[in-house]
Every structure is written in structure tokens, then in C-alpha cells.
Amino acid sequence: IGISSRVTNENRKCEMKKEKRLCFIQPCLTNILKTIKIPKGKTCQPTFQLPTAEKLVFSGCSTTQSYRLTFCGVCLDKRCCIPNKSKMITVQFECPNEGFFKWKMMWITSCVCQRICTAPGDIFSELKVV
């Protein structure tokens with residue numbers, strides 16, 4: 001799970017505000033191609049889901065509810081799949097001996113596979129350390 005941030009003025013006062021949300025584009029699977037079934041005759045599977053719903057873990061805390069997330073998939077050629085459509089949900093986490101907190105999270109509804117990839121297959125290739 002990562003954190004994405006943006007600056008927007010989409011509010012009543014048109015003021016610049018910084019927004020943060022959790023995001024989970026793709027799980028860290030050792031061999032993701034064994035998990036994702038690419039249809040016969042195709043080179044990409046834009047999205048996939050894990051077989052079961054799971055609780056999310058962030059900073060040692062886990063969600064109070066299990067989720068079956070949609071993730072961006074992979075291609076057999078040099079394309080990469082990135083989120084195309086998403087919505088915002090609120091997830092509640094419970095921390096051992098520390099209580100609860102809520103975070104907004106990006107819920108991926110669809111992904112698109114494209115050839116514009118700095119490092120093919122690396123969905124994090126365009127991230128920069130600040």
C-alpha cells in the first residue's frame with residue numbers, strides 16, 4: 001500500500017488544497033504472471049483480482065473489513081498497465097492497543113495498458129524521490 005498526494009482547487013472556495021489517499025496498484029507477488037490469467041490470443045490482462053477478500057495492512061494496523069480489490073495487470077509485451085478509472089472510498093483501520101483511524105483510498109475500477117513506460121513492467125518507474 002502506498003500514499004498518493006495531489007494539489008487541487010476543486011472546492012467551494014477554489015483554494016489550493018493538498019489531498020492524500022492510500023493506493024494499492026498491484027500486490028508484491030513473486031511471480032505475478034502465474035497469478036494473472038492472460039486470455040488466449042491476447043498479450044495483456046489490464047485488471048485482475050485476488051481469489052479471496054483480504055484485510056489490508058498499513059503501518060501495523062489492519063482494516064476492520066475485508067476487501068476484494070481490483071489491481072492493474074500485466075502484459076507479455078513491453079506495455080504497462082496503469083489505473084484508468086477509480087473512485088474514492090473510506091477504509092477504517094484498527095491498531096493493536098491503539099484504537100481506530102480512517103483513511104481515504106483509491107478504489108480502482110479499470111486499468112489501461114499502454115506503451116508509454118519508462119521501464120517496461122515496472123509500474124513505479126515514473127516515481128521520483130523528493
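The values are calculated or read from the model by the stated rules, or taken from the named source; none is laboratory data. Keep in mind that this is a model prediction, so the values were computed, not measured. Reconstructed Cβ throughout: ideal geometry from the backbone, glycine too, with neighbour counts over all protein chains shown. Accessible surface is based on the protein model in full, side chains and every heavy atom, while ligands, DNA and RNA are left aside. Shrake-Rupley method; radii C 1.70, N 1.55, O 1.52, S 1.80 Å.
Annotations for the structure displayed:
- Set against the labelled values (i) 16.6, 52; (ii) 20.2, 68; (iii) 19.5, 71, Rg and Dmax of the Cα atoms in Å computed from this structure falls on (i).
- For residue 34, a cut-off of 20 angstrom between C-alpha atoms picks up these lysines, skipping any fewer than 8 places away in its own chain: 42, 78.
- Cleavage-rule hits, GluC sites (Glu not before Pro), the stretch 47-100, DSSP coil, Cβ neighbours within 10 Å at most 15: 98
- Near residue 3, once Lys and Arg are set to +1 and Asp and Glu to -1 for all other residues with Cβ below 14 Å from its Cβ, the sum equals +4.
- Nearest-10 value in Å² for the accessible area of residue 66, using the 1.4 Å probe: 60
- Å² per residue, accessible surface of the stretch 2-114 at 1.4 Å: 67
- Sites residue 64 and residue 7, calculated FRET efficiency, Cβ-Cβ separation with R0 25 Å, nearest 0.05: 0.25
- Rounded FRET efficiency, nearest 0.05, which uses the C-beta distance separating residue 32 from residue 101 and R0 of 35 Å: 0.70
- Couplings 3J(HN,Hα) for the stretch 96-108, derived from phi with the Karplus relation 6.51 cos²θ - 1.76 cosθ + 1.60 (θ = phi - 60°), are x, 6, 10, x, 10, 8, 10, 9, 6, 9, 6, 9, 6 Hz, where x marks Gly and Pro.
- Charges were assigned to the Cβ only: +1 to each Lys and Arg, -1 to each Asp and Glu. The resulting dipole of the chain about its Cα centre is roughly 420 debye.
- Linear extension gain, residue 84 paired with residue 116, 0.36 nm per residue minus alpha-carbon span: 10.1 nm
- Summing Lys and Arg as +1 and Asp and Glu as -1 over all other residues whose Cβ lies under 12 Å from the Cβ of residue 94 gives a net charge of +1.
- Estimated purely from DSSP H runs of n ≥ 4, each contributing -39500 (n - 2.57), the mean residue ellipticity at 222 nm for the chain is -500 deg cm²/dmol once divided by its residues.
- Surface composition of the chain: carbon and sulfur make up 52 percent of the accessible area, probe 1.4 Å.
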